[in-house]
Amino acid sequence: MFTLAGSHFRIFRDSDLPMSDTLRPRDAKDVEAAVQSALAEGKTMEIVGHGSKRAIGRPAQSDLTLDLSALSGVTLYEPQELVLSAKAGTPLAEIEALLAAKDQQLAFEPMNCAAIFGGAAGPGTIGGALAANVSGPRRIKSGAARDHFLGVCAVSGRGETFKSGGRVVKNVTGYDLCKLMAGSWGTLAVMTELTIKVLPRPETEQTLLIRGLEPGQAITAMTAAMGSSCDVSGPRTCPLRSPSACRRARSPAARSRRCASKAFRPRSPSACACSRH
């Protein structure tokens, strides 16, 4: 147990990061005390939630790891106002389940990095999603995570707590530090509580796949879909294999190898779009 100015942290040696101590603050005051302590001792600090994005980029070299997973919970949710506030360590799965009960959603579609980088299943925390500014395929139409970021309470590198933004979409008080914090990966400040904009969930969804298109035709089809009245999510074009290559890919030997071959050269792409109404 580590004690500093009345604040208590659980401290242990992190097996994934040798020679790095992990602190788990219980509230924003503990976060402030931890940053002040690291600053006084000249130690570097890594900020993590569930660690779902640790595999992105070069591994962090730090003396301390500040684990915000204990700072969890939704502090405000007003479905009529399309506003939600939560502590930085709140799991995205918890927030998405709460919104789904009211037929609402996070329009920036935070992705689940576990399928790509491994690690624990789940999309991580709301703080991690905004700190990394991760967004799904709807970013092209609905905007990135930063575009839904309304307010933040955080601790600066000087160990000072500050607030920015608010709980309304049209907020012009002070500098818009939320946009600065989004995508900063915890290098500018430690976010402790966030306020985001939520949107109604579509009543129906449908995925459309068009095969056998030439590259120009695929682009035309995607352009038409994006210009339609449907809320298209993630239009993309994918190269298709030749019929002979597909037959070879279905053979037991090919299934066991799963290796790329010159026989699998793309011939014609397909256009795919998911529309929401």
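I need the full set of residues from the range 195-229 which are in a loop (DSSP other than H, G, I, E, B), buried (at least 17 other Cβ atoms within 10 Å of the Cβ) and touching a residue at least 60 places away in the same chain (Cβ under 8 Å), in order please.
First, pick out the residues of the range 195-229 that are in a loop (DSSP other than H, G, I, E, B): 198, 201-204, 211-214, 227-229.
Restricting the remaining residues to those that are buried (at least 17 other Cβ atoms within 10 Å of the Cβ) gives 198, 213.
Matches in the range 195-229: 198 only.
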Out of (1) in contact with a Lys or Arg (Cβ under 7 Å, 6 or more places away or on another chain); (2) touching a residue at least 24 places away in the same chain (Cβ under 8 Å), what's the single condition that is false for residue 84? (1)
Can you work out which of the residues in the range 84-138 that are crowded, with 16+ Cβ neighbours inside 10 Å and basic (Lys, Arg) is nearest to residue 54 (Cα to Cα)? 87
Scanning the range 50-83 residue by residue, those within 17 Å of residue 195 (Cβ to Cβ), not in a strand (DSSP E or B) and not charged (D, E, K, R) turn out to be 68, 71, 72, 73, 79, 80, 82
Take the range 46-83 and flag every residue that is crowded, with 21+ Cβ neighbours inside 10 Å and of a type in the set (A, V, I, L, M, F, W, C). 47, 48, 64, 66, 68, 71
Among the candidates 91, 79, single out the residue that is in contact with a His (Cβ under 8 Å, 6 or more places away or on another chain) and either at pLDDT 95 or above or in the same structural domain as residue 149 (by TED's automatic domain parsing) (or both). 91
Are any residues in the range 139-158 touching a Ser or Thr at 6+ places or on another chain (Cβ under 9 Å), surrounded by fewer than 22 Cβ atoms within 10 Å (Cβ to Cβ) and within 18 Å of residue 53 (Cβ to Cβ), and if so, which ones? 144, 146
Could you please let me know if residue 32 is touching a strand residue (DSSP E or B) at 6+ places or on another chain (Cβ under 7 Å) and outside the structural domain of residue 160 (by TED's automatic domain parsing)? yes
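Listed residues 143, 136, 166, 183; which is of a type outside the set (Phe, Trp, Tyr), in the same structural domain as residue 91 (by TED's automatic domain parsing) and under 25 Å from residue 66 (Cβ atoms)?
Details: 143 fails: under 25 Å from residue 66 (Cβ atoms); 136 fails: under 25 Å from residue 66 (Cβ atoms); 166 fails: under 25 Å from residue 66 (Cβ atoms).
Unique residue meeting the criteria: 183.
The values are calculated or read from the model by the stated rules, or taken from the named source; none is laboratory data. Keep in mind the model is a prediction, meaning the values are calculated, not measured. FYI the Cβ positions are ideal-geometry reconstructions off the backbone, even for glycines, and counts take in every protein chain you see.
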